[in-house]
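Here's the structure, in structure tokens; my notes come after.
Read-outs throughout are calculated quantities, based only on the coordinates presented, and are distinct from any laboratory measurement. Quick caveat, the model's predicted, so the values are computed rather than measured. Neighbour counts are summed over all protein chains in view; Cβ atoms, including those assigned to glycine, are modelled from backbone coordinates with ideal geometry.
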Amino acid sequence: MKNRFGETAFLLAVLLCLLGLSGCRRAEPKVTLVEMTPSPAHTTTSAKLTGDWYGYWSISDTTGDWKTLKVTCWDCCAAVLDEEEGPSLLLWDEDMPRDHYLAKLRLDGKAGRYTCTGGDFLDVPVKQEDVSLQLLDRDGPLLQITGRCKDPVTGSFAYSFFLRPWGDAWPDDQQRPAHYERWYLPESKTSDKAPDKIEVK
């Protein structure tokens with residue numbers, strides 16, 4: 001009986017060592033727990049989608065003629081238009097001025113949420129499901145537009161717009177438009193509306 005008890009005690013001690021509960025060498029854990037700090041959440045802002053906006057847009061995942069494009073990011077402006085059929089968002093950039101706009105998206109806004117109901121992008125018709133539009137609160141109102149432009153002749157690309165109300169400052173720790181300091185800051189101090197052309201000297 002004593003021998004069995006001794007064998008049992010010995011086996012128990014070995015087991016405790018293997019489990020890392022005694023002073024013996026610890027066994028490697030099978031599961032590693034990592035404490036993660038959650039990133040700041042983007043929340044819907046209470047600001048209304050009105051007036052003029054400024055920011056930049058970029059393209060990626062290009063096909064066809066767009067693959068040869070060297071520049072993939074442009075400064076841009078936008079204006080919310082109140083029209084008979086409803087509001088729309090007019091977008092123009094440093095290569096395409098307001099009278100030859102880049103895109104025009106029809107909007108539908110209910111309870112602070114905005115959706116695109118159609119329009120055109122580089123003269124290509126836009127369907128509602130082609131565009132995602134979010135008005136976020138990220139150190140102030142930030143309008144984010146994403147989608148894909150498909151043209152059977154020239155090819156396709158994915159696009160992303162990041163816009164803030166005209167006159168607002170952009171945080172130092174976030175990506176800014178290329179001509180933010182040289183063009184936007186002086187221009188926004190002298191005018192409360194986005195100009196029809198982005199003319200960078």
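Summary table below
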read-out	value
Cβ-defined net charge surrounding P171, 15 Å radius [Lys, Arg +1; Asp, Glu -1]	-3
Highest-first arrangement of 50-56, 129-135, 74-80, where packing means the average Cβ count within 10 Å	74-80, 50-56, 129-135
Fewest-first sequence of H100, H179 by Cβ atoms within 10 Å of each Cβ	H100, H179
Members of K48/K193; K127/K189; K48/K104; K70/K193 lying beyond 27 Å, as alpha-carbon distances in this model show	K127/K189; K70/K193
Hull shadow area, averaged, the range 102-174 [alpha-carbon convex hull, nm²]	5.8
Base-10 log of normalised Debye intensity for the range 55-151 (one unit scatterer per alpha-carbon) at q = 0.18, 0.24, 0.25 Å⁻¹	-0.92, -1.55, -1.62
Charge sum, other residues only, whose C-beta stays under 12 Å from D123's C-beta, Lys/Arg counted +1 and Asp/Glu -1	-1
